[in-house]
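Novice: Please find one structure pasted underneath; my questions will follow.
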Amino acid sequence: RLARNLLQDVLRRWYSANTAIVANVDALVANAHTMREALLAGDIAAVGASLSAYWEQKKLMCDAEPAAVTRMLAKLRPLIHGATLCGAGGGGFMALITKEPNADAAIAAALREEECVLYRVNVHERGLCTWFEKADAPAAEEQ
């Protein structure tokens, strides 16, 4: 389904004051706090668990999980602490927290029969970094 259609379904459910949806929104907020604590503690397994909880909560909002995603998650389960799909309606990217660092080869092997492209990403050890440029300064300054 198109993201637009999924969003319309979510909004319809929210405005109808569906008790399951309202409870799920409360759970999303609680999970965000759990994720924050896991990140601050450096507990990678708990970060993964929160990420997977977020995916389950997100699915409740739109009542959808593509069959390919279900299949990929089943194949990845032994290798990951958690996963979610990014974007409205699941978007086009799956984010994973792997149990082992540099698990590229194992992930690729698990998904070899799937139609997907793998991208390697890292989380900056200092966290989010932003830059700003002054109109009269030649170079960006790190904030």
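All of the numbers you see were taken from the coordinates with simple rules; none came from a lab. Computed from a prediction, not measured in an experiment: that's the story for all the values here. Here Cβ is always computed from backbone atoms with ideal geometry, including for glycine, and neighbour counts include all displayed protein chains.
Novice: With viscosity set to 0.692 mPa s and temperature to 37 °C, compute the Stokes-Einstein D of region 1-110, Rh being the Kirkwood radius across alpha carbon pairs; µm²/s, no decimals.
Specialist: In µm²/s, the coefficient is 220.
Novice: I would also like to ask the following. Going by average Cβ density within 10 Å per residue, which order do the peptides 47-55, 113-121 take, highest to lowest?
Specialist: Result, highest mean first: 47-55, 113-121.
Novice: Under the 0.36 nm per residue contour assumption, what length would be gained going from the current alpha-carbon distance of ARG77 and GLN8 to full extension?
Specialist: Additional length available on full extension: 21.7 nm.
Novice: By average Cβ neighbour count within 10 Å, what is the ranking of 72-85, 25-38 from highest down?
Specialist: 72-85, 25-38
Novice: Using amide H atoms built in the peptide plane, which far-off residues or other-chain residues are under 5 Å from ILE80 H to H?
Specialist: Amide H neighbours of ILE80: LYS99.
Novice: Using alpha carbons only, how many angstrom separate the centre of region 54-117 from the centre of region 24-41?
Specialist: The distance from the Cα centre of region 54-117 to that of region 24-41 comes to 20 Å.
Novice: Further, regarding this structure: Tell me, in nm to one decimal, what length is gained between VAL123 and ASN18 on full extension, where the rule is 0.36 nm per residue of separation less the Cα-Cα distance?
Specialist: 34.1 nm
Novice: Taking a point 7 angstrom from the Cα of LEU40 along the C-beta vector, which residues in region 106-124 have backbone N less than 20 Å away?
Specialist: 124
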